[in-house]
Amino acid sequence: MATITTGIAAIAAVTVAQPAVPRSLGSPRSDASSVSGAAVSAALRHEPAAKPVAKPASKPVVTAPAPLVLTASDRRDCPQAATACVDLTGHITWLQAGGKVSFGPVRMEPGKPGGVHATPRGTFHVSWKAGPGYMSNIYHEPMPWATFFATGGIAFHGGSLTQWSHGCIHLTVANAHLYQEKLPIGAEVVVF
């Protein structure tokens, strides 16, 4: 009991000995009057201090990718007569009508340049189409919504946008479906 009395007397002595700092100066008070009675009582009983409450983790900020933009070179390299344009270097494709963009540009993934599965360059025409469940008879891989336009089975179809194709133009499945709806048999496709 003497320890508690001595502890309270010591705190009282500190309170008297410490000059008060005016709160208007914005500095925190360092005297014992700024300590709550519960905190003093807990300290005298040798109880651990209360743990601070953790703030909930903030969610990472996700930004939308910047919209794709056609360059003057893209517009020059794809003639007005083309219905679909493919820029192999920029990994983009778009649809147009009368030389004006009607859809896109959107991201795509071609065959690896210079490799055995490089996507061919040139002017082609849509020759036939396959549905959402179509499988390649050469590579035994899905080719949903395939729109074939070049010899060798080259088509726009749903596929990976992070891995090279076997020469086709990989699109998202939704974009492959839209290309199939918008590109009639005979539509001109220019790949550059």
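The values are calculated or read from the model by the stated rules, or taken from the named source; none is laboratory data. Small disclaimer: the values here were computed from a predicted structure and weren't measured. Because the Cβ atoms are built from the backbone with ideal geometry, glycine has one as well, and the counts that use them run over all protein chains shown.
Identify all residues within the range 111-150 that are part of a loop (DSSP other than H, G, I, E, B), polar (S, T, N, Q) and either closer than 18 Å to residue 89 by Cβ or at pLDDT 95 or above (or both); write none if there are none. Hits for the range 111-150 are 119, 127, 136.
What tally of residues in the range 121-136 results from selecting those that are of a type in the set (Val, Ile, Thr) and either touching a helix residue (DSSP H, G or I) at 6+ places or on another chain (Cβ under 8 Å) or on the phi > 0 side of the Ramachandran plot (or both)? If you could, list the steps in order and put the result at the bottom.
First, the residues of the range 121-136 that are of a type in the set (Val, Ile, Thr): 123, 126.
Right, trim to either touching a helix residue (DSSP H, G or I) at 6+ places or on another chain (Cβ under 8 Å) or on the phi > 0 side of the Ramachandran plot (or both) and you get none.
Residues meeting the conditions: 0.
Being more than 26 Å from residue 66 (Cβ to Cβ) and in contact with a Gly (Cβ under 9 Å, 6 or more places away or on another chain): is that true of residue 105 here?
Working: more than 26 Å from residue 66 (Cβ to Cβ): no; in contact with a Gly (Cβ under 9 Å, 6 or more places away or on another chain): yes.
No.
For residue 135, only one of the following conditions fails: (1) crowded, with 18+ Cβ neighbours inside 10 Å; (2) out of contact with any Phe, Trp or Tyr (no Cβ under 9 Å at 6 or more places or on another chain); (3) without any contact (Cβ under 8 Å) to a residue 40 or more places away in the chain. What is its number? Unmet for residue 135, out of (1) crowded, with 18+ Cβ neighbours inside 10 Å; (2) out of contact with any Phe, Trp or Tyr (no Cβ under 9 Å at 6 or more places or on another chain); (3) without any contact (Cβ under 8 Å) to a residue 40 or more places away in the chain: (1).
Name the residue that is surrounded by the most Cβ atoms within 10 Å (Cβ to Cβ), counting only residues in the range 138-152 that are out of contact with any helix residue (DSSP H, G or I) (no Cβ under 8 Å at 6 or more places or on another chain) and not aromatic (Phe, Trp, Tyr). Spell out how you get there, then give the answer.
So the first thing to find is which residues in the range 138-152 are out of contact with any helix residue (DSSP H, G or I) (no Cβ under 8 Å at 6 or more places or on another chain), and the list is 138-143, 148-152.
When the remaining residues are screened for being not aromatic (Phe, Trp, Tyr), the result is 138, 140-143, 150-152.
Numbers: 138: 9, 140: 7, 141: 13, 142: 15, 143: 27, 150: 21, 151: 9, 152: 12.
It comes out as 143.
Does residue 49 satisfy the criteria of being surrounded by fewer than 16 Cβ atoms within 10 Å (Cβ to Cβ), within 20 Å of residue 174 (Cβ to Cβ), modelled with pLDDT under 75 and among the aliphatic types (A, V, I, L, M)? No: the conditions fail for residue 49. Going through the range 95-105 one residue at a time, which ones are in contact with a Leu (Cβ under 7 Å, 6 or more places away or on another chain) and either under 18 Å from residue 119 (Cα atoms) or loosely packed, with under 15 Cβ neighbours inside 10 Å (or both)? Answer for the range 95-105, where residues must be in contact with a Leu (Cβ under 7 Å, 6 or more places away or on another chain) and either under 18 Å from residue 119 (Cα atoms) or loosely packed, with under 15 Cβ neighbours inside 10 Å (or both): just 102.
In the range 151-166, what count of residues is obtained for those that are within 15 Å of residue 88 (Cα to Cα), assigned to a strand (DSSP E or B) and touching a Phe, Trp or Tyr at 6+ places or on another chain (Cβ under 6 Å)? It would help to see each step written out before you state the result.
Just the residues of the range 151-166 that are within 15 Å of residue 88 (Cα to Cα), to begin with: 154-156, 161-166.
From what is left, the residues that are assigned to a strand (DSSP E or B) are 154-156, 165.
Pick out the ones that are also touching a Phe, Trp or Tyr at 6+ places or on another chain (Cβ under 6 Å) and you get 155-156.
Matching residues across the range 151-166 total 2.
A count restricted to the range 167-183 and to residues that are under 14 Å from residue 120 (Cα atoms) and part of a loop (DSSP other than H, G, I, E, B) stands at 2. Only one of the listed residues (174, 155) is surrounded by fewer than 20 Cβ atoms within 10 Å (Cβ to Cβ) and hydrophobic (A, V, I, L, M, F, W, C). That residue is 174.
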